[in-house]
Amino acid sequence: MKSQVALVLALFFVVGAYASFLPDWTGFYTVFGIGFGLSLVVPAIWRLGPKRWVYLLATVIAIFACFYVKFRTPQPQTDDISKYAPLSNVIVRGQVVEAPSLTRSDRAKFLLEVKEINPSGKLNIKDPKEQNPNAATTDKKFVATSGKLYVTVPLIEVTGLRTGQAIELSGRLYLPSHADNFGAFDFKAYLARQGVFAGLSGRLLIMQGDAPSFGEWWFVSRIVRAHVMGAGVPEGSLLSSLVLGSRAVDLPSDLKDAFIQAGLAAVLAASGFQVTLVLGAAIALTRNRSLKTQFAIGSFCLLAYLLLTGASPSILRAVVMGFGSLIGLVVQRRSRPVIGLLITAVLLLLYQPLWIWDLGFQFSFLATFGLLTTSRSISERLEWLPPTIAELLSIPIAAYIWTLPLQLFVFGKLSPYSLIANVFTTPLVSISTYGGIVSGLLGIIFVPIGAAIAWLLYPLLHWTIDIAQWINTLPNANTSVGAINIWQMFVAYALLIAIWLVPWFAKMQRWTIAFVLACVVLFVPNAIAQTNTFQVTLPAFNDVPIMLIKNQNQTILINSGDKQFASFTLQPFLQKLGINRLDWAIATDTQPNVSDGWNALISSSVPIAQFRDISLGVTPKPYQNLQQALASAKTPLASLKAGETLTINNQVEVQLLNQSPDVLKIKIGELSWLLLASSDPKAQQAIAAKKELLPQLSANILWWTGGQIDPAILQAISPKIAIASATSVVEEMVNQLYEAKIRVFWTGRDGAIQWSPDKEFLTLRDQQDTRSPI
């Protein structure tokens, strides 16, 4: 009974913490209603379970958790440095609080605790020639401030930079922005959860005083040197990541992406697996010693490993549970791992409540929960296999089952070969991790000795990389099924918990029915919705007109943006919509900022069935590479001619009304859209001069890039709605549209824009206004 009470109280605390995202008092009323309702219903059904008072107490705890998370949510102080932003040139002084790491754009990033700021960005130095670049400035314009900055600087500037180093830094101060596109990464919310409300794009960094001569970084650097010296790159970097986690080591981006796509992301994250190895080795080496000695050495190893890897949520969870196991060893009592896991979650959330939104925290706990509750049942149902093989399969299957609903909710995709990849790599990773720990310990003493051990591990590491890359070449290695709704995720987890807790599901047939029902809840609603989806999305990307049309199981993309936009914004959005291929791709311009993203989509295994462009003259090199890639994939490529109509289906048509300057008319359902790709006055004069063209310009929606439009053209279009794919719109043009009672949207102000027949127009900013800041 005590275990059941602890289970209920811990679960309600976690639920209350999650309810904190609801605005105002909604979280309080939601938690109170759920708790009070369960206190009336559950005791009447589950007579052997906790009494009614337990659920009432749990409700009070959930309400406390809800308000506690809100109370601990960081807010900028009155003297926070974000109050000065934006400024094009400032100088700040502070202390590095997070070791530098590498961004995907090959710049260094770190967090800086700010002490002083010079808002003018100028130094009071009489003679610039007398300035010593290695000395601190003596400018009297510095004022005291507080807060943390997210800093990016050229990689060369952070040479020798360590945590705790005092620095002076000049650059551009800015306020992080919310996501501009549906489903995109919200950089502002991510930084706010860390108490960071401003960023600085640095140009020049000057170290002040002596750098720290010793710290955990000294051990980490020697371990990494030993691994890389012995196994080379990228195998040595992978070995360091297996031992210390990817947060402590800068893995090459392509290697990290390969492991993530193959469903092997957990391999790169230091978590319970590595902690188990460290603790197991400590206990094995001290098995002939007293229990107090085992506890002391085990505790030392856990704390040392925590110090080396950093206090990430997954490591802290594993270390806390490791201490629980050590305590159970000393007091000679059998531990209850599930209760221990939930209590660990509560303790960590009391320490840092905002980890409730950390995906690493969520996936780590769900995977561990699955191992504790489900792996043994799966192993028993695989009794027809040898015990070793059955256990090897049951662990990744259990983790996969319990993390799948969250994975579908967040990313909208699954890795069909993840189980195979984990089964093949687990022996290699286990041996490599053990060897990497030994190599690292020896490397701390003498780097060449550690490197010799790492050299012996090279074949295993190389095979692990080969397996990950081979998995990604298999058909449908990454299948996008579309992001599920939150109710689907909750229902799926409720069914999984029922399979674990309710004795009625113990029989194989009933267990199978519940599991199949969970799969139906996860996949069937999305499959039905996708067949009926009719939606137009205009992503926000500078002044580039981009349109994604999804109708009748067909997907049409007009322009792709540049490579970075396609990789980090467009492709994740396609995944969340469940789009695995583009039926039609249309490029209105061959310039890299408009069309370079096509190469990124093709290289990311997003096939294109038909490609059309509007190209004249010499094409840039990236576009020539695209043409070669399309030819290699045997994708039909043709150019639209003036007056040609491309019929996609009975709901969507694309017509090129004019070429150079390009004018595109798109029929979507009952609406007609007119794209004016150029706002150049000479181009518009050329259009206005074609009297036979003007009557064809009439459309319901004007879609342009934010510049001034010739009055004759605007009168010919006579739109009801105007949408600018632009960061800003000419003020005179906005006033002209408002005077004509034309509804105006633009992506620079409203973010991405969506249209559907039932909801008409929805902007990202409208959607964000209904959400919690976190």
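Below, the figures for the structure above:
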{"read-out": "Which of 673, 384 is most accessible, then next, and so on - probe 1.4 Å", "value": "384, 673"}
{"read-out": "Gap separating the Cα centres of segment 34-100 and segment 747-766, nearest whole Å", "value": "31"}
{"read-out": "Counting DSSP beta bridges with both ends in segment 609-741, the antiparallel % (nearest 5)", "value": "60"}
{"read-out": "Phi-based couplings in Hz for segment 23-35 (Karplus 6.51, -1.76, 1.60; Gly and Pro marked x)", "value": "x, 6, 9, 4, x, 4, 5, 5, 5, 4, x, 5, x"}
{"read-out": "Karplus-derived 3J(HN,Hα), 6.51/-1.76/1.60, for each residue of segment 83-98, Hz, glycine and proline x", "value": "5, 8, 6, x, 9, 6, 8, 9, 10, 10, 10, x, 10, 5, 10, 9"}
{"read-out": "Within straight-line cross-link reach of residue 70, aspartates and glutamates at Cα separation under 15 Å, skipping those fewer than 8 residues along the same chain", "value": "24"}
{"read-out": "Cα shape, segment 632-774, gyration tensor, a/c 1.5 rule", "value": "oblate"}
{"read-out": "Over segment 412-530, relative contact order from alpha-carbon pairs under 8 Å, at least 6 apart, %", "value": "29"}
{"read-out": "Antiparallel %, DSSP beta bridges [both residues in the chain], to 5", "value": "70"}
{"read-out": "Tilt relative to the chain, helix 508-532 - C-alpha long axis, 0 to 90 degrees, to 10", "value": "20"}
{"read-out": "Whichever lysines have a C-alpha closer than 26 Å to that of residue 122, once near sequence neighbours (fewer than 8 apart) are set aside", "value": "83, 109, 140, 141, 148"}
{"read-out": "Residue 613 long-range amide H proximity, modeled H, under 5 Å", "value": "587, 638, 639, 640"}
{"read-out": "Rounded to whole Hz, the Karplus (6.51, -1.76, 1.60) HN-Hα couplings of segment 755-762, x for glycine and proline", "value": "10, 8, x, 7, 9, 6, 9, 10"}
{"read-out": "Amide H within-cut-off set for residue 478, under 5 Å, with H built and near neighbours excluded", "value": "none"}
{"read-out": "Contact order normalised by residue count of segment 652-695, Cα under 8 Å, 6+ apart, percent", "value": "28"}
{"read-out": "Over 26 Å between alpha carbons, listed pairs 188/256; 621/690; 665/741; 256/634", "value": "621/690; 256/634"}
{"read-out": "Cα shape, segment 546-665, gyration tensor, a/c 1.5 rule", "value": "oblate"}
{"read-out": "Modelled FRET efficiency - R0 45 Å, residue 143 with residue 350, Cβ distances, 0.05 increments", "value": "0.80"}
{"read-out": "Which labelled figure in [x] 29.3, 97; [y] 28.5, 86; [z] 26.7, 91 is Rg and Dmax of the Cα atoms in Å, once derived from the coordinates", "value": "[x]"}
{"read-out": "Carbon plus sulfur fraction of accessible area for segment 521-587, probe 1.4 Å, in percent", "value": "51"}
{"read-out": "Neighbour net charge for residue 593 - beta-carbon separation under 15 angstrom, K R +1, D E -1", "value": "-2"}
{"read-out": "Tail weight of P(r) past 19 Å, computed on alpha-carbon pairs of segment 442-522, percent", "value": "66"}
{"read-out": "Residues of the chain: accessible area per residue with a 1.4 Å probe, Å²", "value": "48"}
{"read-out": "Rotationally averaged projected area of segment 221-380 (alpha carbon convex hull; nm²)", "value": "11.1"}
{"read-out": "Global form of segment 596-668, assessed from the alpha-carbon gyration tensor, a/c cut-off 1.5", "value": "oblate"}
{"read-out": "Normalised contact order of the chain, rounded percent, pairs of Cα under 8 Å and 6 or more residues apart", "value": "9"}
{"read-out": "Percent breakdown of C-alpha pair distances by 5 Å bin, ordered from the shortest bin, for segment 245-293", "value": "5, 18, 19, 15, 12, 9, 9, 6, 6, 1"}
{"read-out": "Heavy-atom accessible area order for 458, 68, 55, largest first, 1.4 Å probe", "value": "458, 68, 55"}
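The values are calculated or read from the model by the stated rules, or taken from the named source; none is laboratory data. All values reported here derive from a predicted model rather than from experimental measurement. Ideal geometry is used to build each Cβ from the backbone, glycine not excepted, and the neighbour counts take in all protein chains shown. Just so you know, the surface numbers come from the protein's heavy atoms only, side chains and all, with ligands and any DNA or RNA stripped out. Shrake-Rupley method; radii C 1.70, N 1.55, O 1.52, S 1.80 Å.
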